[in-house]
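The values are calculated or read from the model by the stated rules, or taken from the named source; none is laboratory data. As the structure is a prediction and not an experimental result, all values here were calculated from the model. Cβ placement follows ideal geometry from the backbone for every residue including glycine, while neighbour counts extend to all protein chains displayed.
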């Protein structure tokens with residue numbers, strides 16, 4: 001029986017416009033969600049925006065508007081980003097949703113009643129951009145934030161604290177029980193090291209921040225923005241639809257960048273333990289997208305706007321480049337030249353040109369009808385099955401880049417098949433009609449399989465490939481990626497160029 005698959009992005013902080021780093025996380029989450037839908041699983045894909053905290057209040061004040069007005073504007077831009085990226089999310093949560101805030105209050109009351117929340121005083125170096133405290137030894141030169149290179153400020157106040165230290169042993173026991181709780185392994189090692197070094201209790205409320213969720217038993221305090229935000233993964237299910245908590249909890253896979261590893265791998269599971277909720281099955285921590293050797297950052301202004309690339313090359317080209325160029329889990333550099341190279345040599349030449357040649361040969365030599373399978377390509381059929389199984393196994397390990405590499409290896413195998421069989425030469429000899437039928441069938445059938453395997457990455461383009469081959473645009477279930485699962489007597493329609501030639505010139509970033 002197909003299982004359930006609940007996948008999340010982090011919720012995005014609405015202090016500035018979205019950039020390609022946000023696009024990357026959303027696209028990778030969408031690719032994985034689409035693959036699991038291909039398997040017939042009950043998939044739920046959650047994303048949204050984080051809208052509380054001092055940084056939002058300050059940004060709103062600088063813009064001359066209220067925090068809610070500011071959040072409404074920026075949240076709408078992130079929602080639009082998802083739409084433009086083709087994200088297939090099932091729900092978009094906002095931490096200013098009344099239902100979310102009420103659910104957060106219920107959860108922290110549960111933790112308070114359990115004795116895990118107490119009142120105390122705290123002083124520390126605070127980075128508003130991170131919404132986090134730092135120890136003196138963790139600061140960069142000049143007493144600056146190690147991430148944003150901005151001066152931190154000393155804050156002292158009486159707050160409510162979460163007994164994070166009480167969960168140190170339970171966290172380590174969970175890491176032992178589920179050694180791939182955090183993927184890749186290097187990130188699991190980082191999380192373990194953080195916990196083994198000892199955990200301080202977490203200041204989980206703020207007395208000097210008005211823009212946030214009110215602490216129910218102490219209205220002078222608001223919930224620390226990270227506690228508020230982390231609980232979104234659970235609270236969304238309480239109002240996004242009926243029975244979702246019972247059907248979907250806990251998350252199957254949660255994606256995030258490495259800068260928020262501690263919040264998700266240490267604090268988040270501790271909060272869940274305190275609230276008596278099941279822990280996520282797996283977290284996947286990816287690297288940074290780099291530009292000029294530096295990570296993308298709204299705070300520092302080093303960003304790449306994804307929208308000009310979509311306008312110039314198309315959405316699927318952006319999705320493909322991010323999946324293919326940047327090894328999922330590692331840092332990777334985004335360049336105009338690399339983008340154009342992938343687009344031209346792989347999308348336009350390897351895939352688009354193969355579709356054009358195949359459909360035109362079928363139209364010319366077989367009046368546009370895909371021949372029946374003569375049954376002489378058993379070895380090629382076995383290669384197709386092995387490729388499908390390899391792609392599935394890659395996704396089981398969250399290796400999106402590897403899955404695309406395996407699928408692209410199949411595309412290149414089909415290109416070699418054209419050169420090996422030379423259908424144009426076979427067409428000149430009536431005695432070799434059966435060989436021509438086999439070549440044309442194998443090319444059309446192979447392209448159909450490639451379209452199924454690549455659909456999570458290139459959904460629009462692969463739908464066009466299927467239609468051009470005379471197949472339904474939605475025939476993308478993974479079970480269809482097998483030899484001979486095609487429509488008998490399908491009629492091809494040679495398409496316009498799938499990936500039109502584009503000259504490399506300046507793309508505004």
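Worth pointing out:
- The residues on offer are 440, 436, 426, 453, and the sole one that is surrounded by 15 or more Cβ atoms within 10 Å (Cβ to Cβ) and either within 34 Å of the chain's Cα centre (by Cα) or within 21 Å of residue 340 (Cα to Cα) (or both) is 453.
- Set side by side, the residues 87, 103, 63 differ, and just one is in contact with a helix residue (DSSP H, G or I) (Cβ under 8 Å, 6 or more places away or on another chain) and modelled with pLDDT under 95, which is 63.
- Subset of the range 324-333 [farther than 18 Å from residue 347 by Cα and not in a loop (DSSP other than H, G, I, E, B)]: 332, 333
- Matching residues, the range 1-23, being at pLDDT 95 or above and under 30 Å from residue 60 (Cα atoms): 8, 9, 10, 11, 12
- Members of the range 58-92 found to be surrounded by 18 or more Cβ atoms within 10 Å (Cβ to Cβ) and under 25 Å from residue 127 (Cβ atoms), listed by number: 59, 60, 67, 70, 71, 74, 75, 78
- Residue check, residue 467 over 25 Å from the mean Cα position of the chain (by Cα), surrounded by 15 or more Cβ atoms within 10 Å (Cβ to Cβ) and not assigned by TED's automatic domain parsing to the domain that holds residue 387: no
- Helices (runs of 4 or more DSSP H) wholly inside the range 204-323 that include at least 2 residues being out of contact with any helix residue (DSSP H, G or I) (no Cβ under 7 Å at 6 or more places or on another chain) and crowded, with 19+ Cβ neighbours inside 10 Å: 225-230, 232-239
- Taking the range 156-177 as the range and being touching a residue at least 40 places away in the same chain (Cβ under 8 Å) and either part of a loop (DSSP other than H, G, I, E, B) or farther than 20 Å from residue 215 by Cα (or both) as the test, the residues that pass are 163, 166, 167, 170, 171, 174.
- Candidates are the residues of the range 369-416 that are crowded, with 19+ Cβ neighbours inside 10 Å and farther than 30 Å from residue 32 by Cα; the one that is farthest from the chain's Cα centre (by Cα) is 371.
- Filtered residues of the range 75-98 (kept if assigned to a helix (DSSP H, G or I) and touching a strand residue (DSSP E or B) at 6+ places or on another chain (Cβ under 7 Å)): 75, 78, 79, 82
- For the criterion of being more than 30 Å from residue 321 (Cβ to Cβ), crowded, with 20+ Cβ neighbours inside 10 Å and not assigned by TED's automatic domain parsing to the domain that holds residue 392, residue 35 fails.
- All of (1) within 30 Å of residue 117 (Cβ to Cβ); (2) surrounded by fewer than 20 Cβ atoms within 10 Å (Cβ to Cβ); (3) touching a helix residue (DSSP H, G or I) at 6+ places or on another chain (Cβ under 7 Å) hold for residue 327 with one exception: (1).
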